[in-house]
Amino acid sequence: MELIFLTKSSVPIIGQVAFVLGMIMDALFRFTSQFGITNIGLSIILFTVITNLLMWPLTVSQQKSSKLMSVMQPELQAVQKKYKGKTDQASMARMQAETRAVYQKYGTSMSGSCLFLLIQMPILFGLYQVIYKIPAYVPSVYKVFESVASPLMQQSNFVSTLTELAPKVKPPITDAATVQNVIDLLYKFTPAQWSSLEQAYPALSSTISAASAEIAKMNYFLGVNLATPPFQGIDHPNFAWIIPVLSAAVQWYSAKLMTAGTKNNKAKVDEDNMMAQQMQSMNTMMPIMSLFFCFTLPAGIGIYWVASGLCRMIQQLVINAQLDKMDVDEIVRKNTEKANEKAIREGKNPALVKSNSDKLLREVKRQEEAEKNEEERQRQRTEKTVKQVEESTAYYQKNAKPGSLASKANMVAMYDERLAEKRRNKKDKGSDISSGENSNEN
């Protein structure tokens, strides 16, 4: 079963981003047409290169942030280990305060890396909308399909004919279908289905033949139909299978380059570094997901992923060379300046913000010292109690085997002896007091 999604996206922001990107794609298509090249595959590659160049500043900023995070990791891990297993409210508050202090030390924020993702996500989703539904976003391609769809919809039996030719496409075409819905379906037609459509409508044969020839010219890239998935069954291997394999390979190598660019040699990845573990898992899963999706989605998506991966590889090589030359202290200084400027724009005093943060950190350390002192006092009390018990036991079990009748007899005798000694001391003390009184009277 193949799914079609009805034309343009209506999701806020993503729909608007996709519209702008569609205009860029259309401009590229018309540009190559001036040289006699009307090919969607080539347009996708050029489109990918340009969009990656447009996103270059965001990519560099994200990589700088990742580089800084790798330097911060040892300190962040130390804070996490310090409070590991402590779930009480006071400990959690102190852990958050110390974590914020680390981020402030390096002039960044806990939400800094998320901001880059929030900016990039609508762009990435918009890209997939354009690539997945090219006729909806590229007017030059739309016109070619419309030249067939419009006269076809004037035929009384077009719904049943299209349903018969493409029974696996869902949702099926109905009498309420629009031109856009019909184009969505026609975009997935194979050469055999176009031939069957031409035979079904002899009166439109010339129109369908001319359009199908133009569509084949646009939609085939290196012998691959960009509108159909490479996987057509295990018993139908074809050249298009190389696209998912290439996509997975470039995704893997691109992730490897990115990890190498942001790696801090002084920082070790251990079992407590959850962020590093998640990144490693993602670097493993992404190529596998790319392999699966590129087998099952239209080949045009795979072409985009391959081209995008190659662009990222080249970008990452350049960025890695820049990161190797970057001074972390300089990055921290610039980040601090930006943070101070932001505080001023918000009507805050940067010095006061830092003072409050330092005060909070000092309070955290004071509470920690108080807890350590209390733990030490408790330890000393416990040790004293244990020592008294041991001395008492040793005294009563002197020169006898522990647990024997002799030891018990010794314990009773020693107890009587100590009791008698106490009485003698008390009596002597009373005698001394009496003697002192008599002396005073004399």
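The values are calculated or read from the model by the stated rules, or taken from the named source; none is laboratory data. None of these values were measured; they are calculated from a predicted model. Backbone-built Cβ (ideal geometry, glycine too); neighbour counts: all protein chains shown. Please note that ligands, DNA and RNA were not included when accessible areas were found on the heavy atoms of the full protein model with its side chains. Shrake-Rupley method; radii C 1.70, N 1.55, O 1.52, S 1.80 Å.
On average, how much accessible surface per residue is there in the stretch 150-250, in Å², for a 1.4 Å probe, leaving out ligands, DNA and RNA?
With all protein chains present, the stretch 150-250 gives 50 Å² per residue.
Using the C-alpha atoms of the stretch 194-250, what convex hull volume per residue, in cubic angstrom, is computed?
88 Å³
Determine the gain in length on full extension of the stretch Met92-Lys325; use 0.36 nm per residue of separation and subtract their C-alpha separation, reporting nm with one decimal.
80.1 nm
Cα-based Rg (one decimal) and Dmax (whole number) for the stretch 132-208, in Å?
11.6, 32
Are any of the pairs Lys64/Lys338; Lys133/Lys188; Lys387/Lys426; Lys82/Lys105 more than 22 Å apart by Cα-Cα distance, and if so, which?
Lys387/Lys426
Can you figure out the FRET efficiency of Ser195 with Tyr253, using R₀ = 41 Å and their beta-carbon distance, to the nearest 0.05?
The pair Ser195/Tyr253 has a calculated efficiency of 0.50.
Per 0.36 nm of contour for each residue apart, how much would the distance between Met313 and Ile13 grow if the chain were fully extended, relative to their Cα-Cα spacing?
That works out to 105.2 nm of additional length.
Sorting Phe239, Phe189, Phe125 by accessible area (1.4 Å probe), largest first, what list results?
Ranked from most to least accessible, the order is Phe239, Phe125, Phe189.
Once you keep just the Cα pairs under 8 angstrom separated by 6 or more residues, what percentage relative contact order results for the stretch 171-267?
The normalised contact order for the stretch 171-267 reaches 16 percent.
What is the local net charge at Ala210, summed over the other residues whose Cβ is closer than 12 Å to its Cβ (Lys, Arg +1; Asp, Glu -1)?
Value of the local net charge: -1.
By accessible area of protein heavy atoms, probe 1.4 Å, what ranking do Ile14, Ile50 get, highest first?
Ile50, Ile14
Using 7 Å Cα-to-Cβ label points, what is the Arg418/Gln378 separation (nm, one decimal)?
2.9 nm
Using a 1.4 Å probe on the protein heavy atoms only, what accessible surface does Ser70 show? Give it in Å² to the nearest 10.
Solvent-accessible area, nearest 10 Å²: 20 Å².
How high is the FRET efficiency between Val245 and Glu164 when r is their beta carbon distance and R₀ equals 41 Å, given to the nearest 0.05?
For R0 = 41 Å, the calculated efficiency reads 0.70.
Using only protein heavy atoms and a 1.4 Å probe, report how much of Ser195 is accessible, in Å² to the nearest 10.
Roughly 50 Å² of Ser195 is accessible to a 1.4 Å probe.
State in Å² the accessible area per residue of the stretch 17-91; use a 1.4 Å probe, count heavy atoms of protein chains only, and round to the nearest integer.
On a per-residue basis, the stretch 17-91 sits at 48 Å².
Once you place label points 7 Å from the Cα toward the Cβ at Gln80 and Ala216, how far apart are they in nm?
5.7 nm
Given a Förster distance of 45 angstrom, what is the FRET efficiency for Arg366 paired with Met121, based on the Cβ-Cβ distance and rounded to 0.05?
Between Arg366 and Met121 the formula returns 0.60.
Could you please put Tyr137, Tyr128, Tyr142 in sequence from largest to smallest accessible area, using a 1.4 Å probe?
Reading off the accessible areas and sorting them downward yields Tyr128, Tyr142, Tyr137.
Can you give me the % of accessible surface on the stretch 135-260 that is carbon or sulfur? Probe 1.4 Å, all protein chains present, nothing else counted.
Its accessible area is 62 percent carbon and sulfur atoms.
Can you give the accessible area of Asp329, probe radius 1.4 Å, in Å² rounded to 10?
Taking all protein chains as shown, Asp329 has close to 110 Å².
Taking the Cβ of Gln380 as the center, what net charge do the other residues with Cβ under 14 Å away carry, scoring Lys and Arg +1 and Asp and Glu -1?
+2
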